[in-house]
1. Take segment 25-68 and flag every residue that is surrounded by fewer than 19 Cβ atoms within 10 Å (Cβ to Cβ), outside any helix (DSSP H, G or I) and either without any contact (Cβ under 8 Å) to a residue 12 or more places away in the chain or not β-branched (Val, Ile, Thr) (or both).
2. When the residues of segment 1-24 are narrowed to those that are among the small types (Gly, Ala, Ser) and not in a loop (DSSP other than H, G, I, E, B), which ends up nearest to Val473 (Cα to Cα)?
3. So which residues in segment 393-423 are outside any loop (DSSP other than H, G, I, E, B), of a type in the set (A, V, I, L, M, F, W, C) and under 19 Å from Asn143 (Cα atoms), if there are any at all?
4. Do we have any residue at all in segment 205-220 that's assigned to a loop (DSSP other than H, G, I, E, B) and buried (at least 24 other Cβ atoms within 10 Å of the Cβ)?
5. Out of all the residues in segment 455-481, which are among the aliphatic types (A, V, I, L, M) and crowded, with 18+ Cβ neighbours inside 10 Å?
6. Identify all residues within segment 228-278 that are part of a helix (DSSP H, G or I) and closer than 24 Å to Asn418 by Cα; write none if there are none.
7. Consider segment 38-66. How many of its residues are within 19 Å of Ala161 (Cβ to Cβ), touching a helix residue (DSSP H, G or I) at 6+ places or on another chain (Cβ under 9 Å) and aliphatic (A, V, I, L, M)?
8. Can you tell me which residue in segment 38-74 is farthest from the chain's Cα centre (by Cα), limited to those that are closer than 25 Å to Met94 by Cβ and aliphatic (A, V, I, L, M)?
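The values are calculated or read from the model by the stated rules, or taken from the named source; none is laboratory data. Note that the structure is a prediction, hence the values are computed from the model and not measured. Here Cβ is always computed from backbone atoms with ideal geometry, including for glycine, and neighbour counts include all displayed protein chains.
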Amino acid sequence: MPDILSLDATGQLAALESKRISAMELLEAAAARYQALHGRLNAVVATDFERAGARAHAIDEARAKGDSPGALAGLPITIKDTFDVDHMPASSGMKSLLGRVVGDAAAVSCTRHAGAVIWGKTNVPVMAADWQSYNGVYGTTNNPWDLERTPGGSSGGAAAAVATGITALEIGSDIGGSLRVPASFCGVFSHKPTWGLVPQRGQVPPAPGAYAERDLNVAGPIARSARDLRLLLSVIATGPVAAKAPSADLRGLKVGLWVHDDDFALDAEVRGVIETFAAALAARGADVKPAKPVQGRDLVPAYAVLLGSIVAQDMAPGVQRSMKRLRGLADMVAGLTGRPPAWSLPIRGYTATHGEWLEADEVRARIAYQMKGVFERFDVILAPVAPVVAFAHNHKPFTGRKLVCSDSRTIPYASMLNWIALATACGLPVTTVPAGLAVSGLPVGVQVIGPHGADARTLAVAQAVEDEIGGFVAPPPLGTAI
């Protein structure tokens, strides 16, 4: 049949159910796509085709007998390498974490019970702590739109694999934009659930074997369509999520457009795409008004403390000591100049005292309360994901990195935290939707942010956008038929 891998997961599952293709044939097609692109993309970094083949064969036999083997029966998928998978422990970019005997992470187990055929792991930064995906174990993952650029992080390998059809679905995670940034950089959909909707157990970090649900962190789906996000979320969520539901009515939808903010830098080419996207919503009847839901000068320092205190727990003792020395240097610079250096924002989080964490938590609680009033005026908030499009690979130390805008202006690397901070700090659901291509030809995603617990709302809006405006656009071929 014509390129089965160009179909989204729902389309591939329909082909499996109608027996136009077998699970084994679909797995072989995914394997061939992976082998054709791996040398240039390096998105999938560990494979287990032997067990996956046995699984696909068993599902084909069950289907032939008339059994109903699950909502994802026979669908070949990959999993972000921060989740433990049976016989494929999460490396999180660290060789020391390989070789462990593990079972499936909680969310992964849900997909397996639903019939998914898990065959590979996708690349991440070391301990999932960057907006680029590279490490000393598996190397660097490239962006399918431009191999000289990053696909984002930490779910960079996942988004690149989805964008190129290597896989139709992925489970990613997000504590600092790790679902949203790769989706924006690679032009795919993602959903950051309301905090607590999807179980975290089996993710690394935190340390293997941890049971506590980490503050801020979530697991969620990456896909090429909004309906696929809803499908996978319905499988991995602990609460009720409809696998199929109607799209929202864009007519009369109250949209707060958050793209002008003196506190947050934003490249003009990114703003232009999102404003054009918002105009398309308005042309279809949405009530789009400017919004500034939060004061960035309050939000970002608090979020940096909440986030940094979590990340610091995964740092080696020597790194922690280095962070404390850098904190001392930053404090000295602040004393001399009257303001802390831009690079010190995450470091202040890494070295926060418990008292500083409590102060940040109070700010977070106040903002979350204020957001209830914001969502009385707006159904959803539209906001950028990142201040720039996908940027060139940059493996310098964090303190030496800058983001370069289309007008050659530079902004701090830590600016990647700004636009994603609100939803993360307050545990809000976000569906990231492809908004269009920038002047540079690179994709730009937009956050559709909803009230706490309103995952169904943001997903319904994303579905309406896809139906009426457009959605996923495949990247250019990488020198071979994909």
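1. The answer is Asp48, Lys65, Gly66, Asp67, Ser68.
2. From segment 1-24, those among the small types (Gly, Ala, Ser) are 6, 9, 11, 14-15, 18, 22-23; that's our starting set.
With not in a loop (DSSP other than H, G, I, E, B) added as a condition, the list becomes 6, 9, 11, 14-15, 23.
On the way: Ser6: 11, Ala9: 15, Gly11: 16, Ala14: 21, Ala15: 22, Ala23: 26 Å.
Among those residues, the one meeting the criterion is Ser6.
3. First, pick out the residues of segment 393-423 that are outside any loop (DSSP other than H, G, I, E, B): 398-400, 402-404, 410-417, 421-423.
Among the residues that remain, those that are also of a type in the set (A, V, I, L, M, F, W, C) are: 398, 403-404, 411, 414, 416-417, 421-423.
Matches in segment 393-423: Leu403, Val404, Met416.
4. The first filter runs over segment 205-220 and keeps only residues assigned to a loop (DSSP other than H, G, I, E, B), leaving 205-217.
Narrowing the set further to residues that are buried (at least 24 other Cβ atoms within 10 Å of the Cβ) leaves none.
There is no residue in segment 205-220 that is assigned to a loop (DSSP other than H, G, I, E, B) and buried (at least 24 other Cβ atoms within 10 Å of the Cβ).
5. Keep residues of segment 455-481 that are among the aliphatic types (A, V, I, L, M), which gives 456, 459-462, 464-465, 469, 473-474, 478, 481.
Passing the criteria: Leu459, Ala460, Val461, Ala462, Ala464, Val465.
6. Filtering segment 228-278 down to residues part of a helix (DSSP H, G or I) leaves 228-236, 268-278.
The answer is Ala268, Glu269, Val270, Arg271, Gly272, Val273, Ile274, Glu275, Thr276, Phe277, Ala278.
7. Total meeting the criteria: 6.
8. This residue is Ala52.
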